[in-house]
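The next block holds one structure in the form of structure tokens; read it before the comments.
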Ligand code: BES
Ligand code: ZN
């Protein structure tokens, strides 16, 4: 309604509105940070939506079809810059007209692949790229039936983080750039396809699946898995996907998922992605977990049978806030993803399993941190939270520093300002930066303004800048508070003084007590001592992957031969890098074990994903 007495004000208001809309059109509402790991120029042209249509070819190990990209051209640019690596492009069409346009590739760089540059006009709304991935695409692992639990059907999964999305989709592969996506995946009728999107729960008759991800996500969260999958619900908005012979075990292991979601929401606000499902992949999956939105990808090595390793689910779930909602602007800010998530993971564990349990996990996290600092050097620049990965593979920054130093920095903030204020601040932080990238600097300035608010004393006692821009760990660190591990240490002491392993009092020990026990055994055990432990606790046959991994490290260092068959079996039956890396490193450190390491690796390498094989190649100096 027009207020009769103030028509001129109304007219002015209309003019202003029209004018400001007209001005906004070519303008953009954000400025993207420079990302040294992407060729994209999002301040000129940004991709806002991706529509994929891909056929999965298990005969040639290729994905092929089209990627239609919807554009926002902020600067009337005539070129669109995309990331690509090992992609073959046959043609590019403009809009829906069917008109072909020119494209070219720029020079290739190590890790980064090459820019795909497409000619557009300022009016171009979309481009459709006809392309095919290479069988060697680094993100994609194609598994033969023998590498699956069922042994009958092939399997495929992708791992896009950090900069591997560009090996299966031409896209703007920078964590600061978000797009919504939709897609069609065409596969064999006996297989199911799932993505980091709204997913089917049943196979279709024709093997064609449609997907939609209505919330904007960065390219590293694009994910696809195809295999003989079955779905089982575990809660109202959560469930598991796995091969038929694994799905029951997975559902039992992850039965607390809904409780975890509720705990997370109570802490830091609503879960914004609709469903939270988990897919348990074949054992070659190179990570413990990957926080693909709506569908966490997980290793089967967490299926311990007793829920003892489900902190991993708390971790990937926590990424639904830290990482997927508020995203590190570049890989130099990786701690904003992983440090916040590790902190949040421990808070979820505390809510669901109690403070004693969570503090034990925190003590283990601190041990991991100390070990990494010792390995990397206490004054290495790579122990800064804010990294500088220019000219390097972002994988180099994926160390315990981001996770555990980040976690202990946030614990220290909590201890400095008090839990209540800190939790309120964090909830607001997730709201304010929701669906946006965050730089370390933006976080620090928000922290200083909203939480420290000019309180000089607090600011000084926190030493945020020292935590972020200096090496090592400041002395104000808020340590874990657990007396549980003293009990374990006392038992190690008794054993060292001659008590038999069988007489060790392990009553009430959890997996975490055992891990502390194994990590704190003295170095240089002889065969008699190793056998004493193995006979008492049957470590070489442990069904708990973390315990087995910690034990096998001793077996290598102490050359305890009775465990070698278990070692070989472990290294050839799963491809989780966190387990492979320390075991191969220890073998490589001992010339007497190098030959065995190479023999095992020759057999295992073809079963590993490229990111795991890349790491082990370096350790063993592998030339084939
Ligand atoms: N996002 C990471 C995995 C990742 C990081 C993949 C960097 C590629 C590059 C995931 O959330 C993660 O941290 N996984 C951990 C498990 C966690 C419990 C610490 C892993 O895989 O071990
Ligand atoms: Zn993580």
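The values are calculated or read from the model by the stated rules, or taken from the named source; none is laboratory data. Just so it is clear, the model here is predicted, and its values are computed rather than measured. In this analysis, Cβ positions are derived from the backbone assuming ideal geometry, glycine residues included, and neighbour counts consider all displayed protein chains.
Summary of values
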read-out	value
Filter result for the condition that a residue is farther than 18 Å from residue 147 by Cα and touching a strand residue (DSSP E or B) at 6+ places or on another chain (Cβ under 6 Å), over 205, 219, 225	219
Condition check for residue 259: in a strand (DSSP E or B) and either within 16 Å of ligand 2 (Cβ to nearest atom) or more than 26 Å from residue 179 (Cα to Cα) (or both)	no
Criterion: assigned to a helix (DSSP H, G or I) and out of contact with any strand residue (DSSP E or B) (no Cβ under 7 Å at 6 or more places or on another chain) - qualifying residue of 264, 304	264
Residues being more than 7 Å from ligand 1 (Cβ to nearest atom), within 13 Å of the chain's Cα centre (by Cα) and part of a loop (DSSP other than H, G, I, E, B) - total across the stretch 309-320	1
Failed condition for residue 83, given (1) assigned to a strand (DSSP E or B); (2) touching a helix residue (DSSP H, G or I) at 6+ places or on another chain (Cβ under 6 Å); (3) more than 30 Å from residue 144 (Cα to Cα)	(3)
Residue tally, condition in a helix (DSSP H, G or I) and either farther than 19 Å from residue 271 by Cβ or more than 16 Å from ligand 2 (Cβ to nearest atom) (or both), over the stretch 343-367	17
Residues of the stretch 486-509 satisfying the condition of being closer than 18 Å to residue 560 by Cβ and not in a helix (DSSP H, G or I)	500
The lone exception for residue 618 - which of (1) without any contact (Cβ under 8 Å) to a residue 12 or more places away in the chain; (2) within 16 Å of ligand 2 (Cβ to nearest atom) it fails	(2)
Among residues of the stretch 214-237, those that are crowded, with 24+ Cβ neighbours inside 10 Å and away from ligand 1 (no atom under 16 Å from the Cβ), counted	3
Candidates 332, 306, 256 - the one that is under 18 Å from the mean Cα position of the chain (by Cα) and more than 13 Å from ligand 1 (Cβ to nearest atom)	332
Residue match in the stretch 468-479 (condition: more than 30 Å from residue 375 (Cβ to Cβ) and either in contact (Cβ under 8 Å) with a residue 60 or more places away in the chain or loosely packed, with under 13 Cβ neighbours inside 10 Å (or both))	no
Any hit, the stretch 300-319, residues being closer than 30 Å to residue 36 by Cβ and out of contact with any helix residue (DSSP H, G or I) (no Cβ under 6 Å at 6 or more places or on another chain)	yes
Residues of the stretch 368-405 satisfying the condition of being away from ligand 1 (no atom under 11 Å from the Cβ), crowded, with 18+ Cβ neighbours inside 10 Å and in a helix (DSSP H, G or I)	369, 372, 373, 383, 401, 405
Out of 219, 197, sole residue that is over 20 Å from residue 245 (Cβ atoms) and in contact with a helix residue (DSSP H, G or I) (Cβ under 9 Å, 6 or more places away or on another chain)	219
In the stretch 289-303, residue nearest to ligand 2 (Cβ to nearest atom) [restricted to those that are within 11 Å of the chain's Cα centre (by Cα) and free of Cβ contacts under 8 Å to residues at least 60 places away in the same chain]	289
All positions within the stretch 570-598 that are surrounded by 15 or more Cβ atoms within 10 Å (Cβ to Cβ) and within 21 Å of residue 146 (Cα to Cα)	570, 571, 572, 574, 575, 576, 577, 580
Matching residues in the stretch 274-300 - criterion: being crowded, with 21+ Cβ neighbours inside 10 Å and either outside the structural domain of residue 250 (by TED's automatic domain parsing) or more than 10 Å from ligand 1 (Cβ to nearest atom) (or both)	276, 277, 278, 279, 280, 281, 282, 284, 293, 294, 295, 300
Out of 604, 613, sole residue that is under 24 Å from residue 372 (Cα atoms) and crowded, with 18+ Cβ neighbours inside 10 Å	613
